[in-house]
Each structure stands twice: as C-alpha cells, then as structure tokens.
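Asks: This structure is in structure tokens; I'll ask about it shortly.
The values are calculated or read from the model by the stated rules, or taken from the named source; none is laboratory data. Just so it is clear, the model here is predicted, and its values are computed rather than measured. Note: ideal-geometry Cβ built from the backbone for every residue, glycine included; neighbour counts use all protein chains shown.
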C-alpha cells in the first residue's frame, strides 16, 4: 500500500489510504457497529491482497495465518465438493475462513470470478474486537436467520399506546375463571350467578359443549319485558348461535368483529374449548386503535358521501400505525378490516335500494383484501358467487349490485382493478357451477392465464355470505389442488420466477432510469415471493388459511414446511413488509402518493444488512420449494 501525506483522524495520525479504508469499513456491517476509536485503529491491522480472476479463494498455501477476508472489489463463487453453487460473495461481504464462527460456510471450494481485492484481518484481531464490543460480536454469534429474527424483535419493540390493541391478545384480556351455568338452570339462578361474580354475561355449558350465552340485555328484553317467569330454564332466553374468537386473536380483531356483528360479548375459545368471554368493557382499559372507531362509523353511515369522508382517513391511520410501531401484518389487518366494512356497508345500501336479492349470493374479496394484507387504498379485486338456481333475468339485479359496490369502492379510493377482476365484469359474476368449472379448468390445465389469476382467485374470502355458500366452493378448490401435483408444480415454477432483488454477487439490483431510478420494488420483489410460496404450501396441503402468515404457520403445523423454514419466511415477510409500510408512511406524511419503490440509500447500513439477510433467506426458501415440488420440469 502506498502512503500519501500524513493526516489526522479522530486524534490519530493517518495516511489518506487508511482514512479511506476506515470510512469504507464504517459504512459496511458489522464494522459500522464499532465505536470511532476502534475503527480508527482497525486499518493498521489489515493487509491488502489481490487475486486474479480464476484464483482459488481463500488461499490454501502452507503457513497462512487464519484470516477473515473482506471483499473490497471483485467477486467470488463458493461451491461444494460436487460443484454445486453454495453462495456468492461481492463487495462488502466477509469470508470467515478458519475463524471458527457460527454459521460460517464449511466444506466449500472458492474461486474468484473477477479480479478481486480483499482486506485480510487475522482471526486473533477479530476475536479481540468481539471480546471488547458486544454489538459487533453478536453479528458473528448469530446466523442469518438469527440476525433477521433479532431485527424483527427490534422492530416490534416499544409500540406507541395508540397501537396497544394491535399487539394485545384476547387471551390476555380475559380472566382465568370461567363463569358458567347449565341449560337447565333457572333464569333466576343465572341472574344470581352473574350478580355474585359481577359479570355482564354468562356462558351456558352442556357438559363440555358450548350451548349458548346470556347477557344483561337478554335478562331485560327476553325475560322481564317479555313477562317470562324467572323460574323458566335459562335455555329459553339464551343465544345458541354464537360467534366466537380465540385466545390467540388480536384485540382489535375481536373488537372489530363485535362492532360488525353488533354484539358486546364474544366467547373465547382455546383448543376447541371455551375459556372465557371478552366484552367491550374489557377494551375500555386499553386505548383503542382508530381502525375500530372507523369501522363503527362506517356501519352507521347513511350515504356514500359519508363513506368517502371516512375512507379519506385511512392513509392517516396507516401513518399513525407505522409511526406507533405496528408491523406490516398489524397494519394490513387494520386496513383490510376497514375495506371489509366499507364493502359490507355498500352492499347493505345497494340492497336497500334494489330490494332483496332474487337468490342467495356471496360477495368474495380477492388478492390482498382476502389475505388481510392491504395498505391504504389498494385497487379492488372482487367477484360474485351466485346460487345455481338463479334465472337468466336475475343477472340484471346482480349487475346493478356489482356496479353500485364497485363504483362506491372506487369513489372511496379503492380504484377499479386494471385487469377488470371485479364483480361488475360478467365473467366474474357467475353461479356456483360455473365457478367450480373455472377452478377445475385452472387446476387441470394450468396455462399462463390460470397462473396469473391464481394470485387473485386462489386467495378468496367471503365478505357477505348469509347462506354459507362459500365453504362448498373453497372445499372444491382445496381438494382439487391438493390432488393435482402437476398443478402444484406449475404453481411452484410460477412462484419462484419473481426473485428477490439481489444480483449475482448479492448486491441490490435496482431499476435504472425512469420514474423509479435507483430503487427496487419491495412488494413485487420482496413480499410477493413470500406470498406466492405460502400459497403453494397451502394449496399443496389442502389448508384453508388465506392470510400469508397464517398459511406459513399452518404449513409448519401440517409438517409440509419445517419449523425453521416457517420462522425464516415469517421473519422475512415481516421485515420487508414493515420496511415497506414505513416507507409508505413517510411518503404519506410528505403528502405524496404511497408506492413500493425504495432506494437502498434511504436505509441505514444495518437496515440494508437485515434486508439483504431477508432476501437471502427468501432465495434459499425458493430453491427448497422448487426441489420439493420439482418445479424445474416446467421452467
């Protein structure tokens, strides 16, 4: 190394070349975790080495001191004994040969594929740095998956009080003691039990079975006002068709369900048994998320104009949630709940004008709304499932319904689907027999159009389904897709086409030119690959879940996805999705339209490192998925 004139940096005399090396290290993980004084001393501990293209790497000569190698320029391929590509190193990457680090690659052969310049740091110096600087040491103590998990934990720390309902579980809101009575107990006895335990509701149990529930309101309206004798059995006034929630549900999900159903109590289930009741008063103790109030306002709205005014608050809600520390999943659940409420209210208003439907129907949401993964004002994807006994003339009523709802959603900011995947399109407004035929054809003949539609129609969820028709269609889809391995293979091949934006040597691949110059698409290249993989796992195993994280958890429970693989996909989805939500929040605060295009330079070096870890894990999981379902036959 040639030295220029002497200079001084943080109190230490340094050559110009050493200052440049110091600044380079300070901008790359994990050296950016070192304090300034340690960084000032570090360049003098390094040796500089040059390798011509095609040179074995790291060097295998006798007497070489164990080193880590920091790539400054060039590129290296790492292959196993069979010649299979294990990984690629590029500028900023570290090759920790011989330093006995956890997660370090072993049993590989490296070769430079470009002329390569590296900095060498003896393992003894690395050990000394790790001993003195805990944050620096942790980078080497953790695998890629562990580092990503720690990053997720950091993202979830310290949410503001405004998102308390976004993080609290229903199980944390209920007491440990279940207050219950039998169906044969008298109304008087039930009232005594409620008074004694100071509860506003009472669970009715028939042995181990949840038979029903009564509330204070039932005692007033169904007994006293109705003139019923208090000696009558409580089964006379109980509600036996109950909606329930689970201990694992988030508080805001339960409260939104209560608002939608116009009830004040929900039985809480765990492992198939009732363990308590959650009521609206339980939520008074914690601050409510704004989404709950918006949903309540939507159900009270009397006109489209009011709905438009409420919908205009959704971007502000997303900003508040992102600022308060909510994760992408929590934001998606909240925003999708609002879209569901808007859709439901528009359906109610349309029916009020058009009259009752001629035959039963299901309004189905597709895409991100179905998965409960929306950000503010996505475009709309929806369809109509109609009972088979509809007559040709009935379609005029459903066409009018679809137009009113699609137009209403568009007015509320959920723009028309560019591909016209909407109920107003006659193709997606069909009776049950036609929908069954659609899915059978898509599964048995998975052409490019079928695979394109998979992202919408293989993620469906009913928004309005009073007759419970959707379950029949969903079971048809799951049974046929699970049984058709060729369809799953095609779906897999399609899922792995969209790769994370990592280049041949793990540098970020960005868009060049145009409106989004020097950015990459966090949705298309980040979250969509995980969504697609989760869909494959769900359909291949016949799992009914639609939300991506729920699909991943269900696949792990089913055994079709390893627990480690599920954890890696979940963490990658949460990290990328949360960075996306926060990026959009910053845009919305500046009064800009939210998009998915993020510049790597907008992230800190540590965030770039975490994002790179997430992309590496996604790429690895794509390879595993391809091997499992033999997707290579169709690529």
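Asks: I'm checking my understanding of the structure. Among residues of segment 555-608 that are free of Cβ contacts under 8 Å to residues at least 12 places away in the same chain, part of a helix (DSSP H, G or I) and in contact with a helix residue (DSSP H, G or I) (Cβ under 8 Å, 6 or more places away or on another chain), which one is surrounded by the fewest Cβ atoms within 10 Å (Cβ to Cβ)?
Replies: If we take residues in segment 555-608 being free of Cβ contacts under 8 Å to residues at least 12 places away in the same chain, part of a helix (DSSP H, G or I) and in contact with a helix residue (DSSP H, G or I) (Cβ under 8 Å, 6 or more places away or on another chain), then 563 is surrounded by the fewest Cβ atoms within 10 Å (Cβ to Cβ).
Asks: Separate question: Of the conditions (1) outside any loop (DSSP other than H, G, I, E, B); (2) modelled with pLDDT of 80 or more; (3) surrounded by fewer than 17 Cβ atoms within 10 Å (Cβ to Cβ), residue 53 clears all except one; give me its number.
Replies: (1)
Asks: Return yes or no: is residue 462 assigned to a loop (DSSP other than H, G, I, E, B) and either in contact (Cβ under 8 Å) with a residue 24 or more places away in the chain or outside the structural domain of residue 532 (by TED's automatic domain parsing) (or both)?
Replies: no
Asks: Continuing with this model, one more query. Do we have any residue at all in segment 354-365 that's assigned to a helix (DSSP H, G or I) and modelled with pLDDT of 95 or more?
Replies: yes
Asks: Anything in segment 45-74 that is in contact with a strand residue (DSSP E or B) (Cβ under 6 Å, 6 or more places away or on another chain), farther than 30 Å from residue 134 by Cβ and touching a residue at least 60 places away in the same chain (Cβ under 8 Å)? List them, or say none.
Replies: Selection gives 50, 51, 53, 55.
Asks: So how many residues does segment 529-544 have that are surrounded by fewer than 17 Cβ atoms within 10 Å (Cβ to Cβ) and free of Cβ contacts under 8 Å to residues at least 40 places away in the same chain? I'd like the intermediate steps shown before the answer.
Replies: First, the residues of segment 529-544 that are surrounded by fewer than 17 Cβ atoms within 10 Å (Cβ to Cβ): 542, 544.
Restricting the remaining residues to those that are free of Cβ contacts under 8 Å to residues at least 40 places away in the same chain gives none.
So the answer is 0.
Asks: Check off (1) within 23 Å of residue 397 (Cβ to Cβ); (2) in a helix (DSSP H, G or I); (3) in contact with a strand residue (DSSP E or B) (Cβ under 9 Å, 6 or more places away or on another chain) for residue 370 and give me the number that stays unchecked.
Replies: So residue 370 meets the others, but not (1).
Asks: Look through 473, 502, 491 and report the one residue that is buried (at least 16 other Cβ atoms within 10 Å of the Cβ), modelled with pLDDT of 85 or more and within 22 Å of the chain's Cα centre (by Cα).
Replies: The match here is 491.
Residues checked against (1) in contact with a strand residue (DSSP E or B) (Cβ under 9 Å, 6 or more places away or on another chain); (2) at pLDDT 95 or above; (3) outside any helix (DSSP H, G or I):
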| site | (1), (2), (3) |
| --- | --- |
| 374 | no, no, yes |
| 377 | no, no, yes |
| 402 | yes, yes, no |
| 417 | yes, no, yes |
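Asks: Given the criteria farther than 18 Å from residue 173 by Cβ, in the same structural domain as residue 185 (by TED's automatic domain parsing) and touching a residue at least 60 places away in the same chain (Cβ under 8 Å), does residue 260 qualify?
Replies: So residue 260 passes the test.
Asks: Right, here's the next one. Condition test on residue 42, is it at pLDDT 90 or above, out of contact with any strand residue (DSSP E or B) (no Cβ under 6 Å at 6 or more places or on another chain), surrounded by 15 or more Cβ atoms within 10 Å (Cβ to Cβ) and not assigned by TED's automatic domain parsing to the domain that holds residue 613?
Replies: For residue 42, the condition - at pLDDT 90 or above, out of contact with any strand residue (DSSP E or B) (no Cβ under 6 Å at 6 or more places or on another chain), surrounded by 15 or more Cβ atoms within 10 Å (Cβ to Cβ) and not assigned by TED's automatic domain parsing to the domain that holds residue 613 - is met.
Asks: Kindly establish whether residue 545 is outside any helix (DSSP H, G or I) and at negative phi.
Replies: Answer is yes for this residue.
Results for (1) more than 30 Å from residue 528 (Cα to Cα); (2) surrounded by fewer than 22 Cβ atoms within 10 Å (Cβ to Cβ); (3) assigned by TED's automatic domain parsing to the domain that holds residue 591, shown as yes or no for each residue.
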site: 366; (1), (2), (3): no, no, no
site: 369; (1), (2), (3): no, no, no
site: 378; (1), (2), (3): no, yes, no
site: 381; (1), (2), (3): no, no, no
site: 390; (1), (2), (3): yes, yes, no
site: 395; (1), (2), (3): yes, yes, no
site: 403; (1), (2), (3): no, yes, no
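Asks: Let me ask something else about it. Could you list all residues from segment 405-415 that are buried (at least 21 other Cβ atoms within 10 Å of the Cβ) and either free of Cβ contacts under 8 Å to residues at least 12 places away in the same chain or part of a loop (DSSP other than H, G, I, E, B) (or both)?
Replies: 412, 414
Asks: Still on this structure, I have one more. Determine which member of the set 214, 203 is without any contact (Cβ under 8 Å) to a residue 40 or more places away in the chain, in the same structural domain as residue 273 (by TED's automatic domain parsing), in a strand (DSSP E or B) and under 23 Å from residue 280 (Cβ atoms).
Replies: Checking each option against the conditions leaves just 214.
Asks: Out of all the residues in segment 499-518, is one or more closer than 29 Å to residue 559 by Cα, in contact (Cβ under 8 Å) with a residue 60 or more places away in the chain, touching a helix residue (DSSP H, G or I) at 6+ places or on another chain (Cβ under 7 Å) and assigned to a helix (DSSP H, G or I)?
Replies: no
Asks: Does residue 546 satisfy being modelled with pLDDT of 95 or more and either more than 30 Å from residue 317 (Cβ to Cβ) or touching a strand residue (DSSP E or B) at 6+ places or on another chain (Cβ under 7 Å) (or both)?
Replies: Details: modelled with pLDDT of 95 or more: yes; either more than 30 Å from residue 317 (Cβ to Cβ) or touching a strand residue (DSSP E or B) at 6+ places or on another chain (Cβ under 7 Å) (or both): yes.
So residue 546 passes the test.
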